[in-house]
Amino acid sequence: MRQQDKEVKQVAATLYIHFPFCRSKCAYCDFYSSAARGADFGGYVEAVAAEWRLRRMELPSMPETVYLGGGTPSMLGPEHIARLSDLLARDFDTRRLAEFTIEANPEDITPETLAAYSRAGINRVSIGVQSFDTALLEAVSRRHSPEQAVEALTHLSAGGWNYSADLIYGLPGQTTAQWESDLHRLLNFRPPHLSAYLLSYEPGTALYARRERGLVAEASDSLAEQMYEILCRETARAGYRHYEISNFALPGYAAVHNSAYWDGTPYLGLGPGAHSLSADGIRRYNPPGIKKYVEAVNSGSTYFQTDDEDDANRVNDTIITALRTARGLDPQSLPPAFKGEFEANARPLLAEGLLVRSGDGRLTIPERLWLRSDAILRDLIVG
């Protein structure tokens, strides 16, 4: 049995549902999505349910968490949310899940939508705030305004919701003062959970193209580190636990669904662009393509492809994921064929203080080094 952080509920299986529609594409986003105009949301919900029926036996048990991600799943109307919940409820109780999360844009959050979520069994909202500065939001093509973000957070807080709020630092032209202001404005709402990400310039995104043309400049390493230090300091002062490189929670509010990902718990991903991990470590993914996906699953055919991943790659996935968390990695959990090589790789990093071994033998990267952990992790790769 896997061990998990005692502050996080342990689950045996999780379900992710990808909603690949957006009103417009954020400049930094490299997740699969398509324009929502003219889309058949009702038909898509039925297709997702059809894929669930085709693939539910891939999980070792019924899911204990469900996560609706995207895209922008908060575009779904109350009738679509209710229909999806009802279809899933034929196999498991959607009102008794450890977490049933929906990602939402601030402009979609109203008392009415929150009431509809609650009726459908949704008990957690992940809201993309990103910044409270109009110019910074416009720099990455976010649609909402700071006022809409404040209004949405007010509704969530007043309703006593379990919610997470996202911020981004290292935005084009952002200063440390602006970042600290964004962080403090969010912390004033006391969200149960927050995620803060250093802006990433991914190939194929509009932001990447702008950087290549010299229209925007990426934050320097020194600026990113200053912002990260502010993040760690201010969240700690506010009582948040930094339990994964980009994630912070008040006591009892660490994300169950995401923690299951990092723990290697089996998960099933539905919808084009979604990924899955079986109990025997096999990774599968659904290629992009909404029309082909809907046609396939509605005709009774699966749509996934299987990742061609060898044992060394699977072990490296485990190492990288675990060492990005506060709980770290138990080297004894690695397959014997790779354990010796890993320990040899770890030895000089331990000597330099880049890795720390706790009394129970677990290895962690010190929090102050998490932002540049990629360089440390490269030295630990096996195979």
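Every read-out reported here was derived from the displayed coordinates using simple, explicitly stated rules and does not represent laboratory data. Not measured: the values here are computed from a predicted model. Positions of Cβ are generated from backbone atoms using ideal geometry, with glycine treated the same way; all protein chains shown enter the neighbour counts.
Got a sec? How would Ile282, Ile81 order by Cβ neighbour count within 10 Å, fewest to most?
Ile282, Ile81
Could you give the length gained by full extension between Glu107 and Ala35, i.e. 0.36 nm per residue of separation minus their alpha carbon distance, to one decimal place?
In short, 24.2 nm is gained.
Give the calculated FRET efficiency between Glu343 and Ser24 to the nearest 0.05, with a Förster radius of 41 Å applied to their Cβ-Cβ distance.
E between Glu343 and Ser24, to the nearest 0.05, is 0.25.
Put +1 on the Cβ of each Lys and Arg and -1 on the Cβ of each Asp and Glu in segment 55-129; which of Thr72, Pro60, Ser85 then has its Cα farthest toward the positive end of the dipole?
Positive-most Cα among the choices belongs to Pro60.
Based on Cβ point charges of +1 for Lys and Arg and -1 for Asp and Glu, what charge dipole magnitude is obtained for the chain about its Cα centre, in debye rounded to the nearest 20? Working shown, then result.
Working: 39 positive and 49 negative charges, 94 e Å.
Dipole of the chain, to the nearest 20 debye: 440 debye.
Between Ser333 and Lys9, how many nm apart are label points set 7 Å from Cα along the C-beta direction?
Modelled inter-label distance: 2.0 nm.
For Glu218 and Asp308, FRET efficiency with R0 = 25 Å and r from the beta-carbon atoms, rounded to 0.05?
0.20
Could you tell me which of Ala50, Pro106, Ala27 has its Cα farthest along the dipole of the chain towards the positive end, charges placed at Cβ (Lys, Arg +1; Asp, Glu -1), taken about the Cα centre?
Ala50
Output the relative contact order of the chain, whole-number percent, from Cα pairs under 8 angstrom with separation of 6+ residues.
For the chain, the relative contact order is 18 percent.
Normalised by the number of residues in segment 206-285, what is the relative contact order in percent for Cα pairs under 8 Å and 6+ residues apart?
Computed value for segment 206-285: 11 percent relative contact order.
Full-extension gain between Thr321 and Arg211, please, as 0.36 nm times their residue separation minus the C-alpha to C-alpha distance.
Result: 36.7 nm gained on full extension.
Taking C-beta distances below 4.7 angstrom as the pairing criterion, name the unpartnered cysteines of the chain, in sequence order.
Cysteines of the chain left without a disulfide-compatible partner: Cys22, Cys232.
Just to verify a number: FRET efficiency for Ser200 and Arg90, C-beta to C-beta distance, R0 = 51 Å, to 0.05? Please report the intermediate quantities before stating the final value.
Numbers: r = 39 Å, r/R0 = 0.76.
Computed FRET efficiency for Ser200 and Arg90 comes out at 0.85.
Give the percent of DSSP beta bridges with both residues in the chain that are antiparallel, rounded to the nearest 5.
35
Would you work out which of Pro366, Ser333, Leu377 lies farthest towards the positive end of the dipole of segment 311-378, given +1 charges on the beta-carbon of Lys and Arg and -1 on that of Asp and Glu, about the Cα centre?
Pro366
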